[in-house]
1. Rounded to the nearest 500, what is the chain's calculated 222 nm mean residue ellipticity when only DSSP H runs of at least 4 contribute -39500 (n - 2.57) each, over all residues?
2. With springs only between Cα atoms under 10 Å, which of Met128, Met94, Met15 fluctuates most in a Gaussian network model of the chain?
3. Once you charge only the Cβ atoms, +1 for Lys and Arg and -1 for Asp and Glu, what is the size of the charge dipole of region 2-145 about its Cα centre, to the nearest 20 debye?
4. Using a Gaussian network model of the chain with C-alpha springs under 10 Å, which one of Ala132, Ala24, Ala52 is most mobile by mean-square fluctuation?
5. For Ile125, what is the net charge nearby, where nearby means another residue's Cβ is under 11 Å from its Cβ and Lys, Arg count +1, Asp, Glu -1?
6. Could you give the DSSP H helices of the chain that reach 27 angstrom or more along their long axis (alpha carbon positions) and whose average Kyte-Doolittle hydropathy is no lower than -0.5?
7. Quick one: net charge around Leu57, please, counting Lys, Arg +1 and Asp, Glu -1 for every other residue with C-beta under 14 Å from its C-beta.
8. Using a Gaussian network model of the chain whose springs link C-alpha atoms within less than 10 Å, name the residue from Leu39, Leu108, Leu85 with the highest mean-square fluctuation.
Amino acid sequence: MKQVHLVAGVVTIAMSGVAGAWGAWCWWRLRSSDWFWRLLRTSQALIVLQVAIGGVLVLLGHKPPQLHLIYGVLPLLLSFIAEQLRLSSAQMIMDARGFESAKAVGKLPADEQQAVVVAIVRREIGVMALAALVNFVLLSRAAMTG
């Protein structure tokens, strides 16, 4: 079981790094990418799997260092917080531009609507790419303390 946790950990670290790097590139280039979201969701699923495997190991009597537990669980919490920020991205952008609702944005000319949509997507990608990069660091640190 420890070997499964180790191998899955390496894959999770790599996937989080790739998702974060690709997301940062997409954010920088102002483009959306289905691949970013697939990589991100895969890395998040692997984080959940890693925490579950680690929990089973602890229940079976394995005693990892406290730092390993902290660095191992923080990515799960960070992903949850990042998702909440992503969900509020649209409202934050609309509030910053003085729009009361999506209907108000719908009354704008098409090019201005597009600018609002691009700003929202960019914010969402930025938040999630940053979370993936921080997860990469936290998971790497968990591997060093394990």
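Readers should treat all values here as calculations from the given coordinates under stated rules, not as data from a laboratory. The structure presented is a predicted model; accordingly, all values stated were derived computationally and were not measured. Neighbour counts run over all protein chains shown; Cβ positions are idealised from the backbone, glycine included.
1. Details: 6 runs with 125 residues, N = 146.
For the chain, the value works out to -29500 deg cm²/dmol.
2. Met94
3. Values: 13 positive and 7 negative charges, 55 e Å.
Dipole of region 2-145, to the nearest 20 debye: 260 debye.
4. Largest GNM mean-square fluctuation: Ala52.
5. Numbers: positive: Arg29, Arg31, Arg86, Arg122, Arg123; negative: Glu124.
Taking every Cβ under 11 Å from that of Ile125, the sum is +4.
6. Details: long enough: 2-29 (40 Å, 0.75); 34-59 (38 Å, 1.21); 66-87 (32 Å, 1.18); 110-145 (52 Å, 1.06).
Once both thresholds are applied, what remains is 2-29, 34-59, 66-87, 110-145.
7. Details: positive: Lys2, Lys63; negative: none.
Residues close to Leu57 contribute a combined charge of +2.
8. Largest GNM mean-square fluctuation: Leu108.
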